[in-house]
1. I need the full set of residues from the stretch 62-80 which are within 16 Å of residue 34 (Cβ to Cβ) and assigned to a helix (DSSP H, G or I), in order please.
2. Are there any pairs, at least 6 apart or on different chains, whose C-beta atoms fall under 8 Å, with the first in the stretch 32-58 and without any contact (Cβ under 8 Å) to a residue 12 or more places away in the chain and the second charged (D, E, K, R) and outside any helix (DSSP H, G or I), and if so, which?
3. Inside the stretch 11-56, can you point out the residues that are polar (S, T, N, Q) and at pLDDT below 85?
4. Working only within the stretch 32-48, note down all residues that are part of a helix (DSSP H, G or I) and surrounded by 12 or more Cβ atoms within 10 Å (Cβ to Cβ).
Amino acid sequence: MGIDSKSDASKFIDLLNHIFGLEGTKKSGTRTRKTYTESEKSALMEAWSKADAEGVSKVNFCKDNDITYQTLMKWIRESK
């Protein structure tokens with residue numbers, strides 16, 4: 001038995017997950033939807049205001065604070 005394609009590798013990984021009871025677990029590198037309370041949103045927007053004044057890019061701010069770029073942009077639009 002050899003693994004000659006991505007399809008074969010995927011099937012093999014699925015088999016291993018089944019054997020070890022890991023079915024239905026989150027795939028590596030995927031995000032789940034995160035919801036924020038008003039106080040979390042407010043704190044992040046205050047932190048963004050300070051970071052923006054210091055010249056921090058939106059992308060770096062999002063990475064450092066574990067929020068998506070799209071979420072930050074939505075909050076910025078809503079605050080105007």
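The values are calculated or read from the model by the stated rules, or taken from the named source; none is laboratory data. In this text the structure is predicted, and so the values were computed from the model without any measurement. Please note: Cβ atoms are built from the backbone with ideal geometry, for glycine as well, and neighbour counts cover all protein chains shown.
1. 62, 63, 64, 65, 69, 70, 71, 72, 73, 74, 75 - these are the residues of the stretch 62-80 that are within 16 Å of residue 34 (Cβ to Cβ) and assigned to a helix (DSSP H, G or I).
2. Here the result reads 32/26, each pair linking the stretch 32-58 to a residue that is charged (D, E, K, R) and outside any helix (DSSP H, G or I).
3. At the first step, the residues of the stretch 11-56 found to be polar (S, T, N, Q) are 17, 25, 28, 30, 32, 35, 37, 39, 42, 49.
Those that are polar (S, T, N, Q) and at pLDDT below 85: 17, 25, 28, 30, 32.
4. Of the stretch 32-48, the ones part of a helix (DSSP H, G or I) are 38-48.
Result: 40, 41, 42, 43, 44, 45, 47, 48.
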